[in-house]
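Enquirer: There's a structure below that I have some questions on.
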Amino acid sequence: MSTLERYNAPATEAKWRAAWDEADLYAVADDDPRPKYYVLEMFPYPSGRIHIGHTRNYTMGDVVARYRRAKGFNVLHPMGWDAFGMPAENAAMDRNVHPADWTYDNIDVMRGQLKSMGLSLDWSREFATCDVDYYAQQQRLFLDFREHGLVDRQLAKVNWDPVDQTVLANEQVIDGRGWRSGAPVEQREMEQWFFKITDYAQDLLEAIDTLDRWPDKVRLMQRNWIGRSDGMAFDVRLTGAPDGFETLSIFTTRHDTMMGATFAAVAADHPLAKALAEKSPEVAAFCEECARLGTSQEAIDKAEKLGFDTAIKVIHPTNPNWTVPLYIANFVLMTYGSGAVMGVPAHDQRDLDFARKYGLDVIDTFVPLDTEERVADVAFVPPKTSKVKYVCWAGEPGTVTTCQKAMDWSLKRFTEDGWGKAKTQYRLRDWGISRQRYWGCPIPMVYCDACGLVPVPVEDLPVELPRDIDFSAPGNPLDRHPTWKHTTCPKCSAPARRETDTMDTFVDSSWYFARFTAPKADVPVHRQVMEDWLPVDQYIGGVEHAILHLLYSRFFMRAMEKSGYGSAPEPFKGLFTQGMVTHETYADPSGEWLFPEDVVWREGNPFHAKTGEPITVAPPEKMSKSKRNVVDPEAILSGYGADTARWFMLSDTPPERDIEWTDAGVDGAHRFVQRLWRLVHDAVGRGDSAGSGDGLALRKATHAMIRDVSADIEGLHFNRAVARVYEMANTLQKSLGAGDAPGAAYREAVDAMVRCFAPMMPHLAEECWALLGNEGFVSAADWPTYDPALLIENELTLPVQINGKKRAEVTVAKDAANDDIERAVLALDEVKRHLDGSPPKKVIIVPKRIVNVVA
RNA sequence: GCGGGCGUGAUGGAAUUGGUAGACAUACCGGACUUAAAAUCCGGAGGCCCAUAGGGCCAUGCGGGUUCGAGUCCCGCCGCCCGCACCA
């Protein structure tokens, strides 16, 4: 043993990766007869290098892929690159490199890094979304969607940077200013392309119920995002309004409070408000003020309710002689409902604040059952299921009923009266996909003065991005390009202009999982092949994509089905959202953030490695460049090896929670790599003949491990699977130390253990597998099976409680009768002592679990 | 504000339908090996109290409740985290 060299992880790992490549072990065929399993991790953005979060995400996916492969599935486990996006353009501006070169160089680096993790990926299916072959097919999908009525043009507000002359994404607006120019951002309305995701609002909502292998949290977030509310729509007549505005559309979900409406209000960007603003500078000024306040999130928090009395009167729908004033109000949203509301101060806090400020009436329509007190400063907004007493409504005053019943009744009544009608409203809005930038998929449309908007014919695809591009001036470089946008109309051949907007990069990631099923096809997907592979059985990624990416992908599958691409309504059958990787933060006395490698520890206290100053340590948080609490996985991979990094990522912390990266944890993982190596060496040294006895205890432990590790991996409880392997190693080592380990049982145990940790540490497993003299790759070996007969105990040791406290144990035959157990328990010294001579009040025996004696 | 989640040793965390709380790991302490250290191996360990073996009490954020039995279920607090946020 003393001569055994340490396991050289980096060298050994490289050897096995080369061997896997040589054997083309992870390539997958579409026509394989075994049952399919599609495991996918969210593909990375090629930012430059892999970060620690990637290693966690891809390790988890790889464990699942390797486990399923061993269980006899035909496993699709592909990798690609979410390669379009702003950082490439920023690099182009900052460093004068071409976005394509920057992106593809990054991909080369990151591909090498991912390969060094030993992931069992089918690299032959790799693609990047910026590959012309990919975005050409995406353009085709766009045209098909349009053909099927799923694309339209709508006016939409954008963040406009007046200095850079460009549209900004929300995350580029910091405190209301452009991130580059620092100029105050303006809201502009522009015509943009939209995917009509709202056509599927109800379907997307209902189908969430079928996603039973998604986290409840994500399902709830999607439900809230779609935001269905059932209410009533109606038109009210106006007096004193400009021509063309004789009526106003209103939406409400509380029609039971209609008789408490004391004012009406429209949004500042409502068409009526705009019409008034044209005639009145005062109105225009008010609306502008509202628009300014609107943008930043903080402002909304503090925003005071502001209103402008238009002097227009709204005729209450229930009574032609009853009018209420119409305001323009800053808290009414144009983007929800009809952009106009009836204000019911008694039962809505916003309306109440507004009413108090502008001296409007407050009419209680119902009161609590236990008090006659009327609304003062706090609106009375009971849950719809609460019973209240109605005092002023469309029904009999004094009625006691639930709000929901009153609403149902009111809706029926108002519908019969001929002015109200039931309406379902969604919070979800159509998906604006236009982006005014270069590094994205061009939208294949042409503007012709004679023919209007004309789609690029499919045979003319792809509309390829020009290579020569200039980032030295602000604005969209495609729009500025000297020749690119000039073309001829596909219909009339007259000179025409190309659409210079490109697609939101979320479009790229909305169907890549489908493209992996036929990555080289000259159509977006092959119908049959896609239907065979989809849905993805297990999708793994960050919770930050819980709404947009996952919802857009669900929409895409429906849109593709409608466009004739085959049926796979739900793209991801199983979803798992893993936690982040965190690290302590370090700051020097001046408050500067320090990298972990700049910190040295002396006697448990941290000091600056160079200056020797004491350092303050703050609790772990998400790794970020700004706080410098980052660890580069490259150093771990090349120093300790991939298996150590993988094992660490899977250990201790449940995968859905945040994991704290610590050097001690990594060292511990590496120590275990070395320890397993020694254990296996020892097994080989013993051969098959040494030892005595049948090793039953060891065999039981082995088979229990197989059962438990299998269940833990299947349930994605990787931390528990890791603990089971540790337990097995401890058991092996103990039986070894006791000198009673029979060779065959020991050999069986080691063999099973190697196969069980192979999905987690594939290189080490491969080396151990070879050392044990097995043929072929453990990566291609079957998953071990366990013998249930070995797990049945003939005798059971039951805990014995007295009055609910554990006092003793009793060992009985596994099928012992309750009478026998009771007799054995009452004979125990410990039990006698506590009973002190008197008979027990009761003895509760839970079969195979526990005995409780009630004294 | 609305919605959701989580509170267990020094630390990360285990714990079937309510049934032996603290598996496994990290850090720590002791021993062996070593000139020494590292590495390795063996062992210890929730807290408090009495103690010779051993025994007792208290312990899963806090306070109640249901139960033979509660980390787990119910009610009320406290704290932290996440999502949405003027959605009519």
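The values are calculated or read from the model by the stated rules, or taken from the named source; none is laboratory data. Just so it is clear, the model here is predicted, and its values are computed rather than measured. Because the Cβ atoms are built from the backbone with ideal geometry, glycine has one as well, and the counts that use them run over all protein chains shown. Accessible surface areas use protein heavy atoms only, side chains included; no ligands, DNA or RNA. Shrake-Rupley method; radii C 1.70, N 1.55, O 1.52, S 1.80 Å.
Enquirer: Compute the Cα gyration tensor for region A:556-598, then decide on rounded, prolate or oblate, letting a ≥ b ≥ c be the square roots of its eigenvalues: rounded whenever a/c is under 1.5, prolate when a/b is larger than b/c in the other cases, and oblate in all that remain.
Expert: It comes out prolate by the Cα gyration axes.
Enquirer: Turning to a different aspect of this structure: Mind checking the dipole of region A:504-618: about its Cα centre, +1 per Lys or Arg Cβ, -1 per Asp or Glu Cβ, Debye to the nearest 20?
Expert: That gives region A:504-618 a dipole magnitude of about 660 debye.
Enquirer: For the pairs A:Lys196/A:Lys274; A:Lys217/A:Lys700; A:Lys196/A:Lys485; A:Lys217/A:Lys806, flag any whose C-alpha to C-alpha distance is greater than 30 Å.
Expert: A:Lys217/A:Lys700; A:Lys217/A:Lys806
Enquirer: In whole Hz and in residue order, list the ³J(HN,Hα) couplings for region A:760-771 that follow from phi through the Karplus curve 6.51 cos²θ - 1.76 cosθ + 1.60, θ = phi - 60°; x for Gly and Pro.
Expert: Ordered by residue, 3J(HN,Hα) equals 8, 10, x, 5, 4, 4, 4, 5, 5, 4, 5, 4 Hz.
Enquirer: Now for a different question. Between region A:655-684 and region A:301-376, how many Å separate their Cα centres?
Expert: Cα centroid to Cα centroid, the span is 64 Å.
Enquirer: Something else now. Kindly flag which residue pairs out of A:Lys357/A:Lys389; A:Lys36/A:Lys622; A:Lys36/A:Lys520; A:Lys157/A:Lys625; A:Lys15/A:Lys573; A:Lys313/A:Lys384 have an alpha-carbon separation exceeding 25 Å in this structure.
Expert: Cα-Cα > 25 Å for A:Lys357/A:Lys389; A:Lys36/A:Lys622; A:Lys157/A:Lys625; A:Lys15/A:Lys573; A:Lys313/A:Lys384; rest within.
Enquirer: Additional query: Taking 7 Å along the Cα-to-C-beta vector as the label spot, tell me the A:Ala521-A:Glu544 distance in nanometres, rounded to one decimal.
Expert: 3.2 nm
Enquirer: Between A:Lys814 and A:Glu656, how high is the FRET efficiency from 1/(1 + (r/R0)^6) when r is the Cβ-Cβ distance and R₀ = 45 Å? Nearest 0.05.
Expert: Given R0 = 45 Å and the Cβ-Cβ separation, E is 0.75.
Enquirer: Compute the distance from the alpha-carbon center of region A:464-490 to that of region A:14-55, in whole Å.
Expert: Distance between centres, Cα-based: 37 Å.
Enquirer: Please report the relative contact order for chain A, taking Cα pairs under 8 Å with a sequence separation of at least 6, and give it as a percent rounded to a whole number.
Expert: Relative contact order here is 13 percent.
Enquirer: Show the residues, 5+ positions off or on another chain, whose built amide H is closer than 5 Å to the amide H of A:Arg177.
Expert: Residues meeting the amide H criterion: A:Val185.
Enquirer: Under the rule of at least 5 residues apart or a separate chain, name every residue whose amide H is placed under 5 Å from the amide H of A:Arg807.
Expert: Amide H neighbours of A:Arg807, under 5 Å, 5+ apart: A:Val800, A:Gln801, A:Ile802.
Enquirer: Pick out, in residue order, every one of the GluC sites (Glu not before Pro) in region A:570-676 that is DSSP loop and has at most 15 other C-beta atoms within 10 Å; say none if there are none.
Expert: Passing sites in region A:570-676 are A:Glu592, A:Glu603, A:Glu656.
Enquirer: Using amide H atoms built in the peptide plane, which far-off residues or other-chain residues are under 5 Å from A:Gly231 H to H?
Expert: A:Lys423, A:Thr424, A:Gln425
Enquirer: Answer with one residue from A:Phe648, A:Cys392, A:Ser280: the one whose Cα lies farthest towards the positive end of the charge dipole of chain A, charges on Cβ with Lys, Arg +1 and Asp, Glu -1.
Expert: So the residue furthest toward the plus end is A:Cys392.
Enquirer: In region A:715-806, which GluC sites (Glu not before Pro) fall in coil by DSSP and have 16 or fewer other Cβ atoms within 10 Å?
Expert: In loop regions of region A:715-806 (DSSP not H, G, I, E or B), the sparsely surrounded GluC sites (Glu not before Pro) are A:Glu775, A:Glu793.
Enquirer: Below 14 angstrom from the Cβ of A:Tyr26, what's the summed charge of the other residues (Lys, Arg +1; Asp, Glu -1)?
Expert: Local charge sum for A:Tyr26: -2.
Enquirer: At 1.4 Å probe size, with the rest of the protein present, what percent of the exposed accessible area of chain A is carbon and sulfur atoms?
Expert: Roughly 50 percent, rounded to a whole number.
Enquirer: Let me spell out the model: positive unit charges on the Cβ of Lys and Arg, negative unit charges on the Cβ of Asp and Glu, origin at the Cα centre of chain A. What dipole size does that give, in debye rounded to 20?
Expert: I would put it at about 1540 debye.
Enquirer: Given the DSSP H assignment, sum -39500 (n - 2.57) over each helix run of at least 4 residues in chain A and divide by its residue total; what's the result at 222 nm in deg cm²/dmol, nearest 500?
Expert: The per-residue figure over chain A is -11000 deg cm²/dmol.
Enquirer: Still on this structure, I have one more. Accessible area of A:Leu548, 1.4 Å probe, to the nearest 10 Å²?
Expert: 60 Å²
Enquirer: With charges only on Cβ, +1 for K and R and -1 for D and E, what is the dipole size of region A:107-229 about its Cα centre, in debye, rounded to 20?
Expert: 240 debye
Enquirer: Then there is this: Could you state the accessible area per residue of chain A in Å², with a 1.4 Å probe and every protein chain left in place?
Expert: 46 Å²
Enquirer: Which net charge results for the neighbourhood of A:Pro620, defined as the other residues with beta-carbon distances under 9 angstrom from its beta-carbon, given Lys and Arg at +1 and Asp and Glu at -1?
Expert: -3
Enquirer: Pull up the DSSP beta bridges for chain A and report the antiparallel fraction as a percent, rounded to 5.
Expert: That works out to approximately 80 percent antiparallel.
Enquirer: Sort A:191-204, A:342-355, A:314-327 by packing, meaning the average of other beta carbons within 10 Å per residue, with the highest value first.
Expert: The peptides rank, most packed first, as A:342-355, A:191-204, A:314-327.
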